[in-house]
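J.: Please read through the structure below; I'll follow up with questions.
Bear in mind that the values in this text are calculations on the coordinates, not laboratory data. Given the structure is predicted, the values throughout are model-derived calculations rather than measurements. Reconstructed Cβ throughout: ideal geometry from the backbone, glycine too, with neighbour counts over all protein chains shown.
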């Protein structure tokens with residue numbers, strides 16, 4: 001597997017690691033005002049939202065570096081009511097928190113309920129796939145201040161009662177794309193189910209998934225009312241990194257971890273995915289006090305990732321951390 005990003009973006013994150021279905025609706029206007037950004041919290045977290053409507057439920061790097069050593073990302077919000085904000089652009093400055101900014105974007109098209117993940121489409125400029133919790137995937141083109149819906153389609157093989165919070169895309173050495181996603185699971189009685197399948201677009205620009213593989217995953221940490229998979233990211237070698245999270249209510253306390261779940265690969269023709277979840281896993285990286293719902297590994301950046309939280313009434317936070325492998 002090989003995920004492709006710009007070398008400038010990877011270089012920025014190397015520095016960070018060393019430093020520490022419906023008819024289309026009218027465009028939804030972004031919420032008035034600008035969410036609080038640039039505030040700091042213990043552990044190097046930067047606040048990018050100050051209430052339950054501005055948390056980070058998923059993020060994707062755009063591939064554009066920002067002047068002054070920052071990076072640009074798109075973040076999605078799990079809002080459900082018409083007209084509420086669905087997506088924002090964040091410029092994240094790890095060493096200059098006061099320079100970090102959040103800009104709400106206009107959502108142009110059928111409004112989703114409960115967006116939980118977003119991922120850049122390999123080999124495109126400004127195209128992303130955003131996932132809602134019940135399994136609808138939105139193909140977006142983001143340009144300027146607007147995210148326009150190009151198409152939407154359901155995930156394949158949706159189990160009854162599934163609740164999805166993760167979606168990732170990776171590109172093999174042969175240029176084929178694989179998709180990995182998961183039902184988040186719940187507590188001791190319901191592990192997460194991780195899915196993998198070849199991914200492509202047909203001649204009409206519609207998303208297509210090949211034969212699906214699946215396996216169960218249980219988080220080693222946190223315990224209790226845990227979402228075993230709250231997000232997924234793929235490294236360049238096909239390692240599957242997952243975040244896991246729990247909370248005791250809208251005001252916390254929260255606990256999270258990031259760990260390696262296993263590996264995914266495609267055969268040479270790109271027609272079959274192989275999904276292997278590890279029976280033995282290394283100890284997870286723990287992040288107590290935060291509910292991580294977004295993790296994005298950056299290839300070529302010394303295993304560094306950008307992490308995002310949806311801390312409910314306490315808002316949303318971002319930080320970089322060396323939690324991904326090569």
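J.: Using only helices, what value at 222 nm comes out for the chain when you add -39,500 (n - 2.57) per DSSP H run of length 4 or more and divide by the total residues, to the nearest 500 deg cm²/dmol?
T.: -1500 deg cm²/dmol
J.: For the peptides 247-255, 163-171, what is the packing order when you average, over each peptide's residues, the other Cβ atoms within 10 Å and list the highest mean first?
T.: The peptides rank, most packed first, as 163-171, 247-255.
J.: If you consider only alpha-carbon coordinates, what radius of gyration and Dmax does segment 237-326 have, in Å?
T.: 15.0, 49
J.: Would segment 42-148 count as rounded, prolate or oblate if I go by the C-alpha gyration tensor, calling it rounded below 1.5 in a/c and otherwise prolate when a/b exceeds b/c, oblate otherwise?
T.: oblate
J.: Also: Pull out a ≥ b ≥ c, the square roots of the eigenvalues of the alpha-carbon gyration tensor of the chain, then state rounded if a/c is under 1.5, prolate if not and a/b is larger than b/c, and oblate in the remaining case.
T.: Since a/c stays below 1.5, the shape of the chain is classed as rounded.
J.: So for the pair residue 67, residue 218, with labels modelled 7 Å out along Cα→Cβ, what separation do we get in nm?
T.: Between residue 67 and residue 218, the label points sit 5.3 nm apart.
J.: Hey, another quick one. Which of rounded, prolate or oblate describes segment 127-197 when judged by the alpha-carbon gyration tensor and an a/c cut-off of 1.5?
T.: oblate
J.: Residue separation times 0.36 nm, minus the C-alpha to C-alpha distance between residue 272 and residue 40: what's the value?
T.: 79.1 nm
J.: Then there is this: To check you understand DSSP bridge types, tell me what percent of the beta bridges within the chain (both residues inside) are antiparallel, rounded to 5.
T.: 95
J.: Right, another one. Compare the peptides 128-135, 154-161 by average per-residue count of other Cβ atoms within 10 angstrom and give them in order, highest first.
T.: 128-135, 154-161
J.: Cα-based Rg (one decimal) and Dmax (whole number) for segment 200-290, in Å?
T.: Looking at segment 200-290, its Cα Rg and Dmax stand at 16.1, 49 Å.
J.: Show me the ranking of peptides 265-274, 82-91 by mean Cβ neighbours inside 10 Å, starting with the highest.
T.: 82-91, 265-274
J.: Distance between Cα centroids, segment 54-105 to segment 281-302: provide it in whole Å.
T.: A separation of 18 Å, based on Cα centres.
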